[in-house]
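Comments concern the structure below.
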Amino acid sequence: MPNQATAYNVVFPLRVGLVGTGYAAKTRVETLKTDARSHLIAVAGHSRTRAAEFGKTHDIQAFDSWEALVRDSDIDLVFISTINRDHGAIARAALTAKKHVVIEYPLALDLAEAEELLVLANENNCFLHVEHIELLSGIHQAIVDHLLSIGTPFYVRSSNINPQRPAPQKWTYQAELFGFPLVGAVSRIHRLTNLFGQVVTVSCQSRYWKPDEASDAYTSCLCTAQLRFASGLIAEVIYGKGEALWQGDRSLIIQGEKGAILMDGEEGTLILGDETQSLEVGSRRGLFARDTLTVLDHLEKGTPLYVSPSDSLYALRVADAARQSAETGETVKV
């Protein structure tokens, strides 16, 4: 007999449709197909050919379009793991059809559309979850576990620079499909708002390297933003990728009144006075599986999620303020 949970009128096993055929989609499949609470039945993708291949590989139906998938009455829950540009439209169609939605960040490239999606989900009593696996990572948990020990934080520097030579010819290097760098990569903002709360002002600059000015595609981008938090903390956020960059950097430094936390790649260090100690940082493997299981547990048992749609929306609002600042050259209030 199916098991019914009442909060969202969910009946198990959930019949799941997947939009996307990339890495995130593939890792979702492994969990969805082995958990008795879900029954993966269909896929659609940016490419019909790849969707057909994906469907054949995983023995599920392949739709020619995401529009057809979200209209299918046999689907209860839609996982959206495709290009950023389409997130908002797919989520809107799914929620309008009164289907539950799990979506990779960002919820939408347009802030107003993202705000409307939260209202729509609430009006239709639909579950809406925006994935943010970085908040599940060992790096983030190590910071959370030791943040109080360094006293009041007052300065943060977060850097994510990824040299790629040659630049890949992928949607992640197309402005229309990926979005403004700190919107498309809103996780860089979300980690900080999760740790430090409300942002007051944002100042940002960005630069692109393109084959020609008319091209939507670029070979490199660099974006730097300064966030002033309500607490007085100042954070610098640096995001860049592509062939114009020569030295990679994936680091996070948090300066507090009693010490500091340093993250360099997967290694962490805690500095307290004259003492320095290594931090145990868990593996990044299996985070999409954890996210998927967290969703299923929440829908079945009502267990808490690690992030709320309103949290995701707030991070997106800060990222959009960075976009406005980069375009106008002015500091933007959040």
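The values are calculated or read from the model by the stated rules, or taken from the named source; none is laboratory data. These numbers were taken from a predicted model, which means no experiment stands behind them. Here the Cβ positions follow ideal geometry from the backbone for every residue, glycine too, while neighbour counts run over all protein chains shown.
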With the structure loaded, tell me whether Arg284 is in contact with a Ser or Thr (Cβ under 7 Å, 6 or more places away or on another chain) and of a type in the set (Lys, Arg) or whether it fails that test.
yes
Return the pairs, sorted by first residue and then second, in which the second residue is in a strand (DSSP E or B) and acidic (Asp, Glu), the first residue lies in the stretch 14-41 and is in the same structural domain as His100 (by TED's automatic domain parsing) and under 16 Å from Ala62 (Cα atoms), the beta carbons are less than 9 Å apart, and the residues are 6+ apart or on different chains.
Gly20/Glu104
Which of the residues spanning the stretch 135-157 are assigned to a strand (DSSP E or B) and surrounded by fewer than 20 Cβ atoms within 10 Å (Cβ to Cβ)?
Phe154, Tyr155, Arg157
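Could you please let me know if Gly302 is surrounded by 16 or more Cβ atoms within 10 Å (Cβ to Cβ), at positive phi and touching a residue at least 24 places away in the same chain (Cβ under 8 Å)? Steps first, answer last, please.
Details: surrounded by 16 or more Cβ atoms within 10 Å (Cβ to Cβ): no; at positive phi: yes; touching a residue at least 24 places away in the same chain (Cβ under 8 Å): yes.
When the stated conditions are applied, Gly302 does not pass them.
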Tell me which helices (runs of 4 or more DSSP H) are completely within the stretch 1-118 and hold 2 or more residues being surrounded by fewer than 17 Cβ atoms within 10 Å (Cβ to Cβ) and of a type in the set (Val, Ile, Thr), or say none if there are none.
48-58
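So how many residues does the stretch 208-258 have that are basic (Lys, Arg) and within 21 Å of the chain's Cα centre (by Cα)?
Going through the stretch 208-258, the residues basic (Lys, Arg) turn out to be 210, 228, 241, 250, 258.
If we keep only those that are within 21 Å of the chain's Cα centre (by Cα) too, we end up with 241, 250.
Qualifying residue count for the region: 2.
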Return only the number of the condition from (1) of a type outside the set (Asp, Glu); (2) surrounded by 15 or more Cβ atoms within 10 Å (Cβ to Cβ); (3) at pLDDT below 95 that Ala260 does not satisfy.
(3)
When you scan the stretch 216-232, how many residues do you find that are among the hydroxyl-bearing types (Ser, Thr, Tyr) and in a loop (DSSP other than H, G, I, E, B)?
3
Within the stretch 233-246, of all residues that are part of a strand (DSSP E or B) and among the charged types (D, E, K, R), the one farthest from Thr328 (Cα to Cα) is Lys241
Those helices (runs of 4 or more DSSP H) lying entirely in the stretch 165-207 with at least 1 residues touching a residue at least 12 places away in the same chain (Cβ under 8 Å) and more than 13 Å from the chain's Cα centre (by Cα)
175-178, 187-196
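Restricting attention to the stretch 263-288, and to residues there that are within 23 Å of the chain's Cα centre (by Cα) and surrounded by 18 or more Cβ atoms within 10 Å (Cβ to Cβ), which single residue is farthest from Ile150 (Cα to Cα)?
Top of the filtered list is Phe288.
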